[in-house]
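Structure first, then comments.
Laboratory data are not the source of any read-out in this text; all were calculated from the coordinates shown. Given the structure is predicted, the values throughout are model-derived calculations rather than measurements. In this analysis, Cβ positions are derived from the backbone assuming ideal geometry, glycine residues included, and neighbour counts consider all displayed protein chains.
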Amino acid sequence: VIDIAKLYGQTGMFTYDPGFTSTASCESAITYIDGDEGVLLYRGFPIEQLAEHGDFLETCYLLLFGELPTAAQKADFDYRITRHTMVHEQMMRFFQGFRRDAHPMAVMVASVGALSAFYHDSIDISDPQQRMVASMRMIAKIPTLAAMAYKYSIGQPFIYPQNDLDYTANFLRMCFAVPCEDYKVNPVLSRALDRIFILHADHEQNASTSTVRLAGSSGANPFACIAAGVACLWGPAHGGANEAALKMLQEIGTVDRIPHFIARAKDKNDPFRLMGFGHRVYKNYDPRAKIMQKTTHEVLNELGIKDDPLLDVAIELERIALHDEYFIEKKLYPNIDFYSGITLKAMGFPTSMFTVLFALARTVGWIAQWKEMIEDPSQRIGRPRQLYTGSPRREYVSVNQR
Ligand code: ACO
């Protein structure tokens, strides 16, 4: 038996909390969630109001600086982001090293991390001015990298940013315009995607944000920290869930097959879960899922998609699950990922890009959390403890005597 306290010179209480279900890792003034009531606030403002009335860059300003911008502050912020949208031309060569069939998230992990090799001047985290330049660079360049990852995967030339467009319209154009052809951004789709970005912008200490904070606590440069966040987000239990949710809806295929999948989700011997259902914190309807559902209908209407079989399956699956004892008892409600896949697919994005879009939007949240941590005078390197369950001390035996 190992005496943990003696082993680590530990005095006082030692907690063991797998999955951090009840341990706060930090103090934060950015995002508030009440999971029982289904409330989400950014800097005190309800997500519903921001999504209805605001735009994504305004949300970025709010998350970074704590207040909504005045008109002059907003114009200045938008201009500064716009000035940083280009990536270094050498980045193109970097992209060309990847296989065309690489998952765009793999390309994002690498290319976001590589930004620190291109922008040496803004990796000095001790300088507030440089921290701000690095933050602006990341928010501005992530859409460009995301669009490049997409274009590369389909073998089309990269489209350079057009900075008289707003942030989201510019991104849509970089994804869907082709040289020598006119491309007009659809304002309804652009507004819908902007709203999706707002919904994903921050979500307090989730796995990827905690990863960014932990990486940043060692003093790692911000580009490397955000790359760590992108890597963590990729997992199917986190940002990969929207891709998994859409695949699941496609696998279910028709409404009559839903009961079979509900039964599988309830079967303890079957690893299958209803993707897009359940959340560590929300034990009520995810407020983002409600806005997302409305956005899905708006997008499908705009595109003239009257009968989408996937939407039919989603609506019926939600209806059945919300009345099922198992899901009621375990408080499993649709989360944001349940409807976002249908919407993004209708807009023309392949499933492999869904998590990339999530990463694009979450970048500002990661940066705001990283900045808050760096600027906290009590900040220390994150160093979780463990409960050692291995062998007690034993003596080395030379190989011919084993
Ligand atoms: N389908 C069926 N059963 C489920 C589901 C589900 N989607 N989610 C949880 N459960 C069950 C579990 O089997 C478990 O049952 P048990 O108590 O009988 O063992 C119970 O509900 C609690 O589940 P946990 O995994 O312990 O809950 P946790 O809080 O750790 O997990 C998570 C939350 C990962 C989101 C989980 O609900 C899940 O895997 N959902 C599907 C994936 C998904 O949609 N992820 C997106 C999360 S939101 C985001 O990242 C933006």
The ³J(HN,Hα) series, computed from each phi in region 317-331 with the Karplus coefficients 6.51, -1.76 and 1.60 at θ = phi - 60°, rounded to the nearest Hz and given as x for glycine or proline, is 4, 4, 4, 5, 5, 5, 10, 9, 3, 4, 6, 5, 4, 8, 6
Amide H neighbours of F277 at under 5 Å, excluding residues fewer than 5 places away on the same chain, with H built from the backbone geometry, are N335
May I ask you to order 197-206, 85-94 by the average number of other C-beta atoms within 10 Å around their residues, highest value first?
197-206, 85-94
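Taking 0.36 nm per residue of separation and subtracting the Cα-Cα distance, what length does fully extending A237 through E181 add? Let's see the in-between values first.
Details: separation 56, 0.36 × 56 = 20.16 nm, distance 3.95 nm.
Gain in length upon complete extension: 16.2 nm.
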Estimated inter-spin distance, K268 and Q162, nm [label 7 Å along Cα→Cβ]:
5.8 nm
Set of lysines with alpha-carbon distance to K290 below 24 Å, sequence-local pairs under 8 removed
K247, K306, K330, K331, K345
Would you mind computing, in nm to one decimal, how far apart the modelled labels at R93 and R380 are, each placed 7 Å from Cα along Cα→Cβ?
4.6 nm
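Using a/c under 1.5 as the rounded threshold, could you call region 31-146 rounded, prolate or oblate? The axes a ≥ b ≥ c are square roots of the C-alpha gyration tensor eigenvalues, and prolate needs a/b larger than b/c, oblate otherwise.
On the way: a/c = 2.19, a/b = 1.54, b/c = 1.42.
Verdict is prolate for region 31-146.
Let me know the shape class of region 244-343, please: from the alpha-carbon gyration tensor, a ≥ b ≥ c as square roots of the eigenvalues, rounded when a/c is under 1.5, otherwise prolate if a/b is greater than b/c, or oblate. It would help to have the intermediate numbers written out before the result.
Details: a/c = 2.12, a/b = 1.36, b/c = 1.57.
It comes out oblate by the Cα gyration axes.
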With θ set to phi - 60° and the Karplus curve 6.51 cos²θ - 1.76 cosθ + 1.60, what are the ³J(HN,Hα) couplings of region 202-210 in order, to the nearest whole Hz, using x for Gly and Pro?
7, 7, 6, 8, 5, 4, 6, 5, 5
Å³ per residue of the Cα convex hull, for region 262-402?
260 Å³
When C26, C175 are ranked with the fewest other C-beta atoms within 10 Å first, the list becomes C26, C175
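From the Cα gyration tensor of region 213-273, with a ≥ b ≥ c the square roots of its eigenvalues, which class applies: rounded if a/c is under 1.5, or else prolate if a/b is larger than b/c, or else oblate? Kindly include the intermediate steps, with their values, before the conclusion.
Numbers: a/c = 6.86, a/b = 2.84, b/c = 2.42.
Note, shape of region 213-273 comes out prolate.
Taking a quarter of the surface of the convex hull around the Cα atoms of the chain, what do you get in nm²?
Working: hull surface 102.1 nm².
The directionally averaged projection comes out at 25.5 nm².
Tell me, M108, M248 in order of fewest to most beta-carbon neighbours within 10 Å? Don't skip to the end; give the middle numbers.
Details: M108 26, M248 23.
By the 10 Å Cβ count, ascending, the order reads M248, M108.
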Modelled label-to-label distance, Y32 and E298, 7 Å Cα→beta-carbon offset: nm?
2.6 nm
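Expressed as a fraction of 2.2 N^0.38 Å, the rule-of-thumb size for a compact globular protein of N residues, what is the C-alpha radius of gyration of region 94-156? Intermediate results must be reported in sequence, preceding the final value.
Details: Rg = 13.2 Å, N = 63, 2.2 N^0.38 = 10.6 Å.
Relative to the rule-of-thumb radius for its length, region 94-156 sits at 1.25.
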What list of ³J(HN,Hα) couplings, whole Hz, do you get for region 31-47 from phi and the Karplus terms 6.51, -1.76, 1.60, once you set θ to phi - 60° and write x for glycine and proline?
10, 10, 10, 10, x, 6, 9, x, 10, 9, 10, 9, 6, x, 8, x, 4
Under 17 Å Cα-Cα from K141, which lysines qualify once same-chain neighbours fewer than 8 residues away are excluded?
K151
